[in-house]
Amino acid sequence: MSAVLTISSKNYSSWCLRGWLLCRMAGLDFEEEMLDASDASARAELLLLSPSFLVPALTHNGIKVWDTLAIAEYLNETFPAAGLLPKDAAARAHCRAVSGEMHSGFTNLRSALPMNLKSHYPGFKVWAGAQADIDRIVTIWRDCLKKYGGPYLFGAKPTLADAMYAPVVTRFQTYDVKLDRAAQDYCDMILSLPDMQEWIEAGKAEPAAVEELEAEF
């Protein structure tokens with residue numbers, strides 16, 4: 001085995017889900033290396049306290065790359081046939097732009113609605129800051145689905161953008177976020193993917209909890 005993906009938590013880590021999905025989408029045969037829940041760098045990442053996220057990290061053929069977008073670009077170069085980025089130049093630029101927006105933005109959503117696959121909060125109150133992030137995400141989805149015809153954000157196959165927004169789909173489910181029909185249909189499709197089902201099952205089965213992310217809402 002020449003590829004290893006180092007991750008922290010499947011229940012809590014949105015970044016690790018993104019990296020893992022990208023490896024699956026690329027068709028990469030890889031082993032998972034799970035950091036211990038007490039690992040300082042893992043906890044910093046999960047609690048949004050780290051200025052630079054070092055997990056997930058992919059080691060492949062002696063090359064180590066971290067940061068989700070960097071992993072995506074590496075996989076796209078290494079496995080171009082997988083179509084992690086669209087073939088059309090304009091669509092490819094658009095995909096990079098909305099993926100970059102997810103990578104660097106939506107801080108209110110991240111802090112107010114942390115990823116937690118084990119939990120469910122019916123009737124959860126979403127405050128204005130996080131609601132603005134939700135509205136922007138739904139607008140991105142609506143625009144992409146309309147422009148490229150769905151069912152994925154950039155057409156018939158999942159791309160980097162779908163991997164980047166997949167953890168948001170789980171957050172919307174966890175916190176009972178009310179969506180329009182098109183956005184809900186997209187969420188339902190992403191959640192039904194075999195890779196997502198596998199990740200979610202594993203996340204729910206994790207024994208360790210991070211107390212700071214289990215506070216009562």
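The values are calculated or read from the model by the stated rules, or taken from the named source; none is laboratory data. Please read these numbers as outputs of a predicted model, since none were measured by experiment. Glycine gets a Cβ as well: all are built from the backbone with ideal geometry, and neighbour counts include every protein chain shown.
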_Flag if D180 is more than 18 Å from the chain's Cα centre (by Cα) and among the acidic types (D, E)_ = yes
*asked:* Residues that are under 22 Å from L17 (Cα atoms), out of contact with any helix residue (DSSP H, G or I) (no Cβ under 9 Å at 6 or more places or on another chain) and not assigned by TED's automatic domain parsing to the domain that holds S14: list the helices (runs of 4 or more DSSP H) wholly contained in the range 66-183 that include at least 1 such residues.
replied: 89-104, 160-174
*Of E206, E201, which residue is charged (D, E, K, R), surrounded by fewer than 15 Cβ atoms within 10 Å (Cβ to Cβ) and out of contact with any Phe, Trp or Tyr (no Cβ under 6 Å at 6 or more places or on another chain)?*
E201
*Kindly list, by first and then second residue, each pair from a residue in the range 6-25 that is assigned to a helix (DSSP H, G or I) to a residue that is aromatic (F, W, Y), limited to pairs with Cβ atoms under 7 Å and residues at least 6 apart or on different chains.*
W15/F53; L17/W199; W20/W199; C23/F30
_Among the residues listed as K157, K147, the single one being closer than 29 Å to L5 by Cα and of a type in the set (K, R)_ = K157
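Taking the range 146-160 only, how many residues are surrounded by 23 or more Cβ atoms within 10 Å (Cβ to Cβ), out of contact with any strand residue (DSSP E or B) (no Cβ under 8 Å at 6 or more places or on another chain) and not aromatic (F, W, Y)? Full working, then the answer.
Pass one, the range 146-160, residues surrounded by 23 or more Cβ atoms within 10 Å (Cβ to Cβ): 153-154, 158-160.
After this cut, where a residue has to be out of contact with any strand residue (DSSP E or B) (no Cβ under 8 Å at 6 or more places or on another chain) as well, the list is 153-154, 160.
Subsequent filtering for residues that are not aromatic (F, W, Y) retains 153, 160.
Summing the residues that are surrounded by 23 or more Cβ atoms within 10 Å (Cβ to Cβ), out of contact with any strand residue (DSSP E or B) (no Cβ under 8 Å at 6 or more places or on another chain) and not aromatic (F, W, Y) in the range 146-160 gives 2.
Identify, from the list A97, A3, A81, the residue that is surrounded by fewer than 20 Cβ atoms within 10 Å (Cβ to Cβ), at negative phi, in contact with a strand residue (DSSP E or B) (Cβ under 6 Å, 6 or more places away or on another chain) and at pLDDT 95 or above. Write out each step before concluding.
Details: A97 fails: in contact with a strand residue (DSSP E or B) (Cβ under 6 Å, 6 or more places away or on another chain); A81 fails: in contact with a strand residue (DSSP E or B) (Cβ under 6 Å, 6 or more places away or on another chain).
Unique residue meeting the criteria: A3.
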*Could you tell me whether A130 is surrounded by fewer than 19 Cβ atoms within 10 Å (Cβ to Cβ), among the aliphatic types (A, V, I, L, M) and over 18 Å from Y186 (Cβ atoms)?*
no
_Cβ-Cβ distance below 6 Å, separation of 6 or more or different chains: which pairs start in the range 154-181 with a residue that is under 22 Å from A91 (Cα atoms) and end on one that is charged (D, E, K, R)?_
A163/R18; M164/R18
*Name the residues in the range 184-216 that are part of a helix (DSSP H, G or I), modelled with pLDDT under 95 and in contact with a helix residue (DSSP H, G or I) (Cβ under 8 Å, 6 or more places away or on another chain), would you?*
L213
